[in-house]
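The structure under discussion appears below in the form of structure tokens.
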């Protein structure tokens, strides 16, 4: 058991600390969270004290429709995880009984309908006044199995939170990339999204009803437009520019 835990810590450390850029770190964080049995992750930090919540640095692979509803309806005001992270350092466990009162119950029901049913929020309190959270969520009704898993994984999740904060800190204060965002065709965007989902050129061709050669042609154009030579670098740059969403 101890050896397995040490190996797990080592793998998480090496994965995040070896990230080549912000988008690469985000993908590695997502992979680490999924390796611990969670479906979704949100990393959110207010990078400086006394700034607006609207200035939060946030990266997640939550469903887009849920994020839009959350922002549109200002559900943050009823979100107990936000209040918890401002006043506590202990984990907040996502279970129905963790949400108190009508507003919080309604929030949990809405989140559950989007596949956010059970999980844990780990508060972040940085040495320079940063406040935030790492939230890892499953699309699974909470029960004894979830609690047992969480007891075993909490150490690795805490390490992952600290590593993610150290890795992402430079990007929280970094200016936006100076490179101009390339203009892409609709077909190139389609290819990008399926590349981010891990599909091969042959699989993308089947999905889009075009030839594999046609897919490779579009990928070649993408490499040229992004100024990179590797397929993975195309995906990383596209995520960084906000052209596609994280696979989830």
For the chain, built as a Gaussian network whose Cα springs stay under 10 Å, the top-fluctuating residue of 217, 86, 99:
217
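Which value, in nm² and rounded to one decimal, describes the direction-averaged projected area of the C-alpha convex hull of the chain?
On the way: hull surface 60.4 nm².
Averaging across all directions leaves 15.1 nm² for the Cα convex hull.
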P(r), alpha carbons of region 89-226 - 10 Å bins starting at zero, rounded %
10, 24, 21, 27, 17, 1
Give the Debye-formula value of log10 I(q)/I(0) at each listed q (0.18, 0.20, 0.21 Å⁻¹), with one equal scatterer per alpha carbon of region 186-240, two decimals each.
-0.49, -0.60, -0.67
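For every helix of n ≥ 4 consecutive DSSP H residues, a contribution of -39,500 (n - 2.57) applies; sum these over the chain, divide by its total residues, and give [θ] at 222 nm rounded to the nearest 500 deg cm²/dmol. It would help to have the intermediate numbers written out before the result.
Values: 10 runs with 133 residues, N = 248.
Dividing the helical sum by the residues of the chain leaves -17000 deg cm²/dmol.
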Normalised radius of gyration for region 96-162, please: alpha carbon Rg relative to 2.2 N^0.38 Å, two decimal places.
1.25
What order, most packed first, do the peptides 39-45, 228-234 have when packing is the mean number of other Cβ atoms within 10 Å of each residue?
39-45, 228-234
Considering Cα pairs under 8 angstrom that are at least six residues apart, work out the relative contact order of region 81-161 and quote it in whole percent.
29
Counting other beta carbons within 10 Å of each residue's own, what order do 133, 95 fall into, fewest first?
95, 133
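Find the relative contact order for the chain and round it to a whole percent, using C-alpha pairs within less than 8 Å whose residues are 6+ positions apart. Each step should come with its number before you reach the end.
Numbers: 290 pairs, mean separation 52.3, N = 248.
Relative contact order of the chain: 21 percent.
Only the coordinates and a few stated rules stand behind these numbers; no lab work does. Because the structure is a prediction, the values reported are computed rather than measured. We place every Cβ from the backbone using ideal geometry, glycine too, and count neighbours over all the protein chains shown.
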